[in-house]
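Remarks on the structure that follows.
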Amino acid sequence: MPGVGKRTEPPGDASASPWGFRGVQIRQVDTPTLMQRVLFHGEPGSMAGLLWNVALILLVFLPFMSVFAMLAIWGERRVAGRMQCRPGPNRVGPFGLFQSVADGIKLILKEDLIPANADAVLFRLAPYLAFAPVFAAFMALPFAQDFTYEPRVSSGLFWILAILSVEIMGVILAGWASNNKWSIYGAMREACQMVSYEIPLGISIIVAVMAAGTLNMVELGKIQSGGIHTWLICRNPFVFLAFFVYFIASLASNKRAPFDLPESESELVAGFHTEYSGLRFSMFFFAEYAAMFVVGAIQVATFLGGWNDPFGLIGYYHAKWSKEQFDMGLIALNCIGSAIFVLKACGIVLVQMWLRWTLPRPRIDQVLYTCVKVLLPIACILLLGGAIWPLIVPDTVGMPWATYNPWSVADWQKAGATGALITQGLLAILVIAIKGSLIGWVAYAWFTRKTVRPRLSEAEPIAEVV
Amino acid sequence: MNTTLAILAQNSAGAPDGATALINTALFYVFAAMAVGSAIGVMVSRNIVRTAVCLLMALLGVAGLYLGMHAEFLAAVQLVVYAGGTLVLIIFGVMLTNNSTFQLYRPKRLEVVVGSGLVAMLATVLITAILRSGMADRVVTSGNTYAIQTLGEALLGDYLVPFELISVLLLAVMIGAAYLAKGRRREGEGQ
């Protein structure tokens, strides 16, 4: 449709649009990534590159997912124990770390039961359908700037959210194929809950995306590389609030308590996985804990600065060393970045666990009320505010390291972004305060761990809580 | 035909070398077989939920084909709209309305005959149209790195009016649905 509003300037041009893409450069498809440069001296050779990718999937991502799920299950039980004034699993291995391994062996040895009147094909298929999408989401997760399986997906964030939405089908099929009333109730609750919570989830993500101007996960991380005040959560007040909307909605879409109605064990036996036993049962748990990590990782990548440290050191040295072609340094930086990324995501997962053992479970109508009449309007207002904010307050989003120093006030003034600097500074102080209090609580819990007493029971204290 | 499919399957970004091209072609056939096989399953299956699962597999296969053409945005839209949204609602409706859980659908002989006739006609029309349009010889890929930016600029630039018209239509549908649901409830309260 030629005519009115025809844009001729190339997309991505710094001055093109006030709405975004402000100088954000997307990596060209043909540019070799760091690992390709180091390992294959440029574009990977056909067979070698293929083997490298297969090895990454089989030897890095799959083990990472399983080990994370095992540790998270152990962690969850320890957190629950700590919150209920009991030790939690502490017998198998140091600190009870191998409890999940023991449980896994038990589950493998159990009989693989399929109810006589169940739809056997769908019953068998469902656990895999719940597990596979979560694994596919790892494709675009940015562990570090060069440690991303596929950094070139221009809509990586949207891709992850989309592939995660397929996970519902596994749960629904599990509930339906079991031919059990409780399972079907669980599946139906899952269906309506997930479909409705996806909307505030997506909108709150869009608020952050609008502040950044890109959907590419690696670009999102690069934008936030200037220190804690350039993290997207500090970019403007609307993104700050969207962070909390996203967190609540992600709990619901992960069916974590207080939104664990699909498997509410006090009403529905075990909800959609009532009939499952053995390895298939554990597949659902692997999927759930991996989804917790993925959702936390999305939150870290879009709001909490991705792999960057609060001082912007990683971004600074990455820019410096990639100019100097100091590859070993870059790899070390990426390793540190990945550790920071995983640590941050684990922090989010820890908060998810606290909430599970703190809050009571609402009814299903209350859950839907919260979504449609509370979270959705809030998210829409945030969307509007997030759209208007960049027009009022000029920002430095996407300005490369070479042109300004994010820690120098003069540079911000030169860029005409004093207002942005003030808001970001205030929000950064707020974020540091919140984080500091969370870390303070963890520290308090850690230091008082030996003094736990059962409150209502006899005078005998628990002698050793490891 | 085969060569065209192979070209379609190829990685659009740069000239792919031997193994990459081979893998791309293989993946193309895997996803195509998945889409076509599941689509046949949708028609053949008598259990309505299995039909829905076959539909899911067909949609996933098509999403895989989109991914092979570097149209990851389209693939994601396919997943989020059809697989994650529409299909869930379909299954939800089926579970709400079905009386007996594992009801099998038994078509009458006339329905089979008429259905097959329609399928044959539609297939003939589609296949001839595709073959004659020369579409199969033109490889449409989005090798553009700015794919999603271009899309956004197009939607809010050149195609703003159709875009807004469609959203008005969607809004009307939404208001209509809300009105229908509310009206029925009020009637129920009156009784």
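The values are calculated or read from the model by the stated rules, or taken from the named source; none is laboratory data. Values in this document were obtained by computation on a predicted structure and should not be read as measured data. Every residue, glycine as well, gets a Cβ built from its backbone with ideal geometry; the counts of neighbours run over all protein chains shown.
So, A:Glu190, is that one within 26 Å of B:Ile148 (Cα to Cα), part of a helix (DSSP H, G or I) and of a type outside the set (Val, Ile, Thr) or not? Talk me through it step by step, then tell me what you get.
Working: within 26 Å of B:Ile148 (Cα to Cα): no; part of a helix (DSSP H, G or I): yes; of a type outside the set (Val, Ile, Thr): yes.
Considered against the rule, which asks whether it is within 26 Å of B:Ile148 (Cα to Cα), part of a helix (DSSP H, G or I) and of a type outside the set (Val, Ile, Thr), A:Glu190 comes out as no.
Could you check, for the range A:181-195, whether at least one of its residues is farther than 29 Å from A:Pro360 by Cβ and either surrounded by 24 or more Cβ atoms within 10 Å (Cβ to Cβ) or outside the structural domain of A:Trp354 (by TED's automatic domain parsing) (or both)?
Of the residues in the range A:181-195, the ones farther than 29 Å from A:Pro360 by Cβ are none.
No: zero hits.
Of all residues in the range A:173-186, count the ones that are in contact (Cβ under 8 Å) with a residue 40 or more places away in the chain, within 7 Å of another protein chain (Cβ to nearest Cβ) and in a helix (DSSP H, G or I). Give the steps one after another, and end with the answer.
Going residue by residue through the range A:173-186, those that are in contact (Cβ under 8 Å) with a residue 40 or more places away in the chain are A:173-180, A:182-183, A:185-186.
Now restrict to residues that are within 7 Å of another protein chain (Cβ to nearest Cβ): A:173, A:176, A:179.
Those left that are additionally in a helix (DSSP H, G or I): A:173, A:176.
Looking only at that region, the number is 2.
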For the range B:42-60, the count of residues that are farther than 17 Å from A:Ala126 by Cβ and surrounded by fewer than 20 Cβ atoms within 10 Å (Cβ to Cβ) equals 4
Of the numbered conditions (1) under 15 Å from the mean Cα position of the chain (by Cα); (2) at the interface with chain B (Cβ under 8 Å from one of its Cβ atoms); (3) not polar (S, T, N, Q), A:Ala137 fails exactly one; give the number of that condition. (2)
Give all pairs with beta carbons closer than 6 Å in which a residue from the range A:236-253 that is assigned to a helix (DSSP H, G or I) meets a residue that is buried (at least 23 other Cβ atoms within 10 Å of the Cβ) and of a type in the set (Phe, Trp, Tyr); count only pairs at least 6 apart in sequence or on separate chains. A:Phe243/A:Phe303; A:Ala249/A:Tyr197; A:Leu251/A:Phe259; A:Ala252/A:Tyr197; A:Ala252/A:Phe259; A:Ser253/A:Tyr197
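Go over the candidates A:Ala144, A:Ala118, A:Ala130, A:Ala102 one by one and state the one that is in contact with a helix residue (DSSP H, G or I) (Cβ under 8 Å, 6 or more places away or on another chain) and assigned to a helix (DSSP H, G or I). Steps first, answer last, please.
Details: A:Ala144 fails: assigned to a helix (DSSP H, G or I); A:Ala118 fails: assigned to a helix (DSSP H, G or I); A:Ala102 fails: in contact with a helix residue (DSSP H, G or I) (Cβ under 8 Å, 6 or more places away or on another chain).
Selected residue: A:Ala130, the only one of A:Ala144, A:Ala118, A:Ala130, A:Ala102 that is in contact with a helix residue (DSSP H, G or I) (Cβ under 8 Å, 6 or more places away or on another chain) and assigned to a helix (DSSP H, G or I).
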Within the range A:161-172, is even one residue buried (at least 24 other Cβ atoms within 10 Å of the Cβ), assigned by TED's automatic domain parsing to the domain that holds A:Cys380 and closer than 21 Å to A:Pro406 by Cα? no
